[in-house]
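Trainee: The following block contains the structure, expressed as structure tokens.
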Amino acid sequence: MKTSLIFITCIAFFLSPFYNYGQREKKRTYKIWIESNVKDIKYKGRLIKLKDSSIVISFLEDKVLEIPVKEIDKLKFRRKGSIGMGAGVGAATGIVVGIISGLADGDDPPPEYFFDFSYTAEEKAGGAAVSLGILGAATGSVIGSLKKKFKINGLQENYNRLRPELIKYQSD
């Protein structure tokens, strides 16, 4: 019974990346943070358009702002929902690893003393799944919160050099 449970868990874990295979891929949405070098102002929104000498962003869902390249110090991007996705993947990974390691460790021998603790494989699997699931969710959310950074320094040359890479962060 334990062997078949471990086998099914491993198969499900390794086949999960192929779940969306063949389905239409959705356009990824990114959030943008812009640090200005002229004013001590930070902008947050969605990248709408990359122009020759400016960037157009949308914020508060209905307001549009065009920022000249000469006023941009840094651009930061993060995929929308990446923190939750990272937490979910981390928790799932921790739970699976906890279950497998707890079941693989097997049952403890019966206790010799009154205060001697012994656990069944299922109890070990449950405890390990909970603790590693929490740890995995925390780690995944930290990894998901990381932002991709681009340094412009108000220079048109830097913007022109980075522009082909910035196009993928643009919303449709």
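Trainee: Is region 70-87 home to any residue that is part of a loop (DSSP other than H, G, I, E, B) and in contact with a Ser or Thr (Cβ under 6 Å, 6 or more places away or on another chain)?
Mentor: yes
Trainee: Among Val64, Val69, which is surrounded by fewer than 17 Cβ atoms within 10 Å (Cβ to Cβ), of a type in the set (Val, Ile, Thr) and either modelled with pLDDT of 90 or more or closer than 22 Å to Leu146 by Cα (or both)?
Mentor: Criteria check complete, one pass: Val64.
Trainee: Of these, Lys44, Lys49, Lys31, which one is buried (at least 16 other Cβ atoms within 10 Å of the Cβ), modelled with pLDDT of 90 or more and not in a helix (DSSP H, G or I)?
Mentor: Lys31
Trainee: Further, regarding this structure: If you scan region 104-127, which residues turn out to be in a helix (DSSP H, G or I) and either under 29 Å from the mean Cα position of the chain (by Cα) or over 30 Å from Thr139 (Cα atoms) (or both)?
Mentor: Hits for region 104-127 are Lys124, Ala125, Gly126, Gly127.
Trainee: Which of the residues belonging to region 144-162 are assigned to a helix (DSSP H, G or I) and exposed (fewer than 15 other Cβ atoms within 10 Å of the Cβ)?
Mentor: Of region 144-162, the ones assigned to a helix (DSSP H, G or I) are 144, 156-162.
Selection gives Gln156, Glu157, Asn160, Arg161.
Trainee: Spot the failing condition for Leu75; the list is (1) touching a strand residue (DSSP E or B) at 6+ places or on another chain (Cβ under 9 Å); (2) more than 30 Å from Lys49 (Cβ to Cβ), and only one is missed.
Mentor: It is condition (2) that Leu75 fails.
Trainee: Kindly list, by first and then second residue, each pair from a residue in region 61-89 that is more than 11 Å from Gly45 (Cα to Cα) to a residue that is among the aromatic types (Phe, Trp, Tyr), limited to pairs with Cβ atoms under 6 Å and residues at least 6 apart or on different chains.
Mentor: Val69/Tyr159; Leu75/Phe150; Arg79/Tyr30
Trainee: Right, something else. Name the one entry in Gly106, Gly86 that is touching a helix residue (DSSP H, G or I) at 6+ places or on another chain (Cβ under 6 Å) and exposed (fewer than 15 other Cβ atoms within 10 Å of the Cβ).
Mentor: One residue alone meets the criteria, Gly106.
The values are calculated or read from the model by the stated rules, or taken from the named source; none is laboratory data. Computed from a prediction, not measured in an experiment: that's the story for all the values here. Note: ideal-geometry Cβ built from the backbone for every residue, glycine included; neighbour counts use all protein chains shown.
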